[in-house]
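Colleague: Structure provided below as structure tokens; questions to follow.
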Amino acid sequence: MSSKKKLAIHAITRHGFALAQRLQAAFPDSTLYVSNKISQEEKPGVVPVKLPLGPLLEDVFHAYETHVFIISVGAVVRMIAPHLRDKKQDPAVVCIDDAGQFAICLLSGHVGGGNRETLRIASALSCQPIITTASDVQGTLTVDILGRELGWVLEDQDHNVTTGCAAVVNERPVLIVQECGQPDFWPLKKSWPPGVAYTRDIDTVDPQPWDHILIISDRDIPRIYPDIYAKGLVFRPPTLWIGIGCDRDAPYELLKRGLQSLLQEFRLSEKSIAGLTSVDVKEDEPGLLRLCADYGKTLKVFSADSLDRVGPIQNPSEKVREHVGTRSVSEASCLLAAGASDLLVPKQKYGEAGIKQKMTLAIARQPFATREGVSG
């Protein structure tokens, strides 16, 4: 989760200050920076500043997710230029003219969310949004943020992203391969953009005819299909539920190595972890909670009775029942959390020499309807 503040608004004229106040009313978690020649009243959320804005931007430019400048585009370009890094780090920048006619997305339209924020700001001020990114004006796939609203992440933000975006907007041959994840990353009833084709079967893909291949998968595509990955971008939907059982006070390091070993063995991506799950007596297990924190997830737990009703279980254990009241923890909990009927990875045992505690792990993939309407 981002540690940045949400929105900074900058105004240096009386008309601009009036617009900024309207905008702040619509976005109460914002901070309004106003020229002290216009207003010297300092109150919560309003900060009078001395012009020029350059010294202020040195301190705050990268502290916010979005900046709104009610200042001319040319002036803003000159002010922010010394602070730009790259599109993965730069905040969104939106410019509004002094009459409040236009909201212009100037920077970080896709990755930084500038296009989205421009639309919200334009709606709040009842003005015309100006968006110039090619994929948006053409109504085609936005490759660099595909599925982001669904929780998807890119495998590698530097691998083929720029050329992949160009291939789509230039209507070059692009293949989408979807192995898992939500089907509605593109409207289900909408035709694919020109040049784009779709399949669910990566094993039949010949990479030669395609300029780029967009792969939606929780598997280790770079290792399994290196020739396809050479032309590909891999998107990671959060589909994998990891069921974990462990002895009391199992060390965090053991749990972390056990999970990493499992994912590597079965060629699955940690970027597709949807969550970690266990029996409710483990809800205060320190190592498990720290492991969840590593992945930014909350530990999902179920009662022993709930787990015991899950079936069929491939590897039940009466010994486990004696300790926690259910015949299965790792397998049953991941099936229940994922809403799945089958395991992707059945129960695996993991332990290390010199550490008395052991753990078990299992994985279920969260099912989604396919674009053809068939459960997958």
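The values are calculated or read from the model by the stated rules, or taken from the named source; none is laboratory data. The shown structure was predicted, so the numbers you read here are calculated from the model rather than taken from an experiment. Here the Cβ is made from the backbone with ideal geometry for all residues, glycine too, and neighbour counts use every protein chain on show.
Colleague: Can you confirm whether the stretch 351-362 contains a residue that is in a helix (DSSP H, G or I) and outside the structural domain of GLY151 (by TED's automatic domain parsing)? Step through it out loud before you land on a result.
Modeller: So the first thing to find is which residues in the stretch 351-362 are in a helix (DSSP H, G or I), and the list is none.
No, the stretch 351-362 has no match at all.
Colleague: Got a sec? Which of GLU149, GLU65 is charged (D, E, K, R), loosely packed, with under 14 Cβ neighbours inside 10 Å and outside the structural domain of ALA274 (by TED's automatic domain parsing)? Step through it out loud before you land on a result.
Modeller: Values: GLU65 fails: loosely packed, with under 14 Cβ neighbours inside 10 Å.
Result: GLU149 is the single residue among GLU149, GLU65 that is charged (D, E, K, R), loosely packed, with under 14 Cβ neighbours inside 10 Å and outside the structural domain of ALA274 (by TED's automatic domain parsing).
Colleague: One residue is enough: does the stretch 109-117 have a residue meeting the conditions of a type in the set (Lys, Arg) and surrounded by 13 or more Cβ atoms within 10 Å (Cβ to Cβ)?
Modeller: As a first pass, look at the stretch 109-117 and keep what is of a type in the set (Lys, Arg): 116.
Still in the running and surrounded by 13 or more Cβ atoms within 10 Å (Cβ to Cβ): 116.
Yes, there is a match, as at least one residue in the stretch 109-117 is of a type in the set (Lys, Arg) and surrounded by 13 or more Cβ atoms within 10 Å (Cβ to Cβ).
Colleague: THR298 - would you say it is at pLDDT below 95 and more than 31 Å from the chain's Cα centre (by Cα)?
Modeller: On the way: at pLDDT below 95: yes; more than 31 Å from the chain's Cα centre (by Cα): no.
No.
Colleague: Find the residue count for the stretch 131-165, including only residues that are at pLDDT 80 or above and of a type in the set (S, T, N, Q).
Modeller: Number satisfying all stated conditions: 5.
Colleague: Of the conditions (1) more than 18 Å from ALA8 (Cβ to Cβ); (2) surrounded by fewer than 19 Cβ atoms within 10 Å (Cβ to Cβ); (3) under 27 Å from the mean Cα position of the chain (by Cα), GLY74 satisfies every one except a single condition; which number is it?
Modeller: (3)
Colleague: Tell me whether the stretch 294-307 contains one or more residues that are outside the structural domain of GLY181 (by TED's automatic domain parsing) and free of Cβ contacts under 8 Å to residues at least 12 places away in the same chain. Before you say what the answer is, go through the steps one by one.
Modeller: Kept after step one, since they are outside the structural domain of GLY181 (by TED's automatic domain parsing), are these residues of the stretch 294-307: 294-307.
Next, from what is left, pick out any that are free of Cβ contacts under 8 Å to residues at least 12 places away in the same chain: none.
Checked against the condition, which is being outside the structural domain of GLY181 (by TED's automatic domain parsing) and free of Cβ contacts under 8 Å to residues at least 12 places away in the same chain, the stretch 294-307 yields no hits at all.
Colleague: Another question, if that's okay. Which count do you get for residues in the stretch 308-346 that are in a strand (DSSP E or B) and either within 20 Å of ASP249 (Cα to Cα) or in contact (Cβ under 8 Å) with a residue 40 or more places away in the chain (or both)? Reasoning before the result, please.
Modeller: To start, the set of residues in the stretch 308-346 that are in a strand (DSSP E or B) comprises 345-346.
Pick out the ones that are also either within 20 Å of ASP249 (Cα to Cα) or in contact (Cβ under 8 Å) with a residue 40 or more places away in the chain (or both) and you get 345.
Result for the stretch 308-346: 1.
Colleague: Would you mention how many residues in the stretch 206-256 are without any contact (Cβ under 8 Å) to a residue 40 or more places away in the chain, under 20 Å from ALA274 (Cβ atoms) and of a type in the set (Val, Ile, Thr)?
Modeller: Of the residues in that region, 1 qualify.
Colleague: When you check SER261 against the structure, is it polar (S, T, N, Q) and under 16 Å from GLY351 (Cα atoms), yes or no? Give the steps one after another, and end with the answer.
Modeller: Working: polar (S, T, N, Q): yes; under 16 Å from GLY351 (Cα atoms): yes.
In short, yes.
Colleague: Now, a different point. Is it the case that THR370 is among the hydroxyl-bearing types (Ser, Thr, Tyr) and surrounded by 22 or more Cβ atoms within 10 Å (Cβ to Cβ)? Write out each step before concluding.
Modeller: Details: among the hydroxyl-bearing types (Ser, Thr, Tyr): yes; surrounded by 22 or more Cβ atoms within 10 Å (Cβ to Cβ): no.
In short, no.
Colleague: Moving on. Restricting to the stretch 190-249, name every residue that is of a type in the set (Gly, Ala, Ser) and out of contact with any strand residue (DSSP E or B) (no Cβ under 7 Å at 6 or more places or on another chain).
Modeller: Going residue by residue through the stretch 190-249, those that are of a type in the set (Gly, Ala, Ser) are 191, 195, 197, 217, 230, 232, 243, 245.
Of everything in the stretch 190-249, those that are of a type in the set (Gly, Ala, Ser) and out of contact with any strand residue (DSSP E or B) (no Cβ under 7 Å at 6 or more places or on another chain) turn out to be SER191, ALA230.
Colleague: With the requirement that a residue be closer than 22 Å to GLN366 by Cα and among the basic types (Lys, Arg), what does the stretch 257-279 give you? Before you say what the answer is, go through the steps one by one.
Modeller: Kept after step one, since they are closer than 22 Å to GLN366 by Cα, are these residues of the stretch 257-279: 258-279.
Across the stretch 257-279, the qualifying residues are ARG267, LYS271.
Colleague: Just to be sure before I move on: is PRO207 surrounded by fewer than 24 Cβ atoms within 10 Å (Cβ to Cβ) and within 17 Å of GLU155 (Cβ to Cβ) in the structure I sent? Working first, answer last.
Modeller: Values: surrounded by fewer than 24 Cβ atoms within 10 Å (Cβ to Cβ): yes; within 17 Å of GLU155 (Cβ to Cβ): yes.
For PRO207, the condition - surrounded by fewer than 24 Cβ atoms within 10 Å (Cβ to Cβ) and within 17 Å of GLU155 (Cβ to Cβ) - is met.
Colleague: Inspect all residues belonging to the stretch 163-171 and state whether any of them is in contact with a His (Cβ under 8 Å, 6 or more places away or on another chain), touching a residue at least 24 places away in the same chain (Cβ under 8 Å) and of a type in the set (A, V, I, L, M).
Modeller: Of the residues in the stretch 163-171, the ones in contact with a His (Cβ under 8 Å, 6 or more places away or on another chain) are 163-164, 167-168.
Right, trim to touching a residue at least 24 places away in the same chain (Cβ under 8 Å) and you get 163-164, 167-168.
Remaining after also requiring of a type in the set (A, V, I, L, M): 167-168.
The answer is yes; a qualifying residue exists.
Colleague: Go through (1) more than 17 Å from GLY258 (Cβ to Cβ); (2) buried (at least 16 other Cβ atoms within 10 Å of the Cβ) for SER333 and report which single condition fails.
Modeller: Against the list (1) more than 17 Å from GLY258 (Cβ to Cβ); (2) buried (at least 16 other Cβ atoms within 10 Å of the Cβ), SER333 comes up short only on (1).
Colleague: Here's something else I'd like to know. Please list, ordered by residue number, the strands (runs of 3 or more DSSP E) wholly in the stretch 214-307 having 3 or more residues that are surrounded by 15 or more Cβ atoms within 10 Å (Cβ to Cβ) and not aliphatic (A, V, I, L, M). Reasoning before the result, please.
Modeller: Numbers: elements: 232-236, 240-246, 273-279, 300-302.
Per the criteria, 232-236, 240-246, 273-279.
Colleague: Scanning for something within 28 Å of the chain's Cα centre (by Cα) and within 16 Å of LEU259 (Cα to Cα), does the stretch 302-313 turn up at least one residue?
Modeller: Of all residues in the stretch 302-313, those within 28 Å of the chain's Cα centre (by Cα) come to 302.
This time we only want the ones that are within 16 Å of LEU259 (Cα to Cα), so: none.
Checking the stretch 302-313: not a single residue is within 28 Å of the chain's Cα centre (by Cα) and within 16 Å of LEU259 (Cα to Cα).
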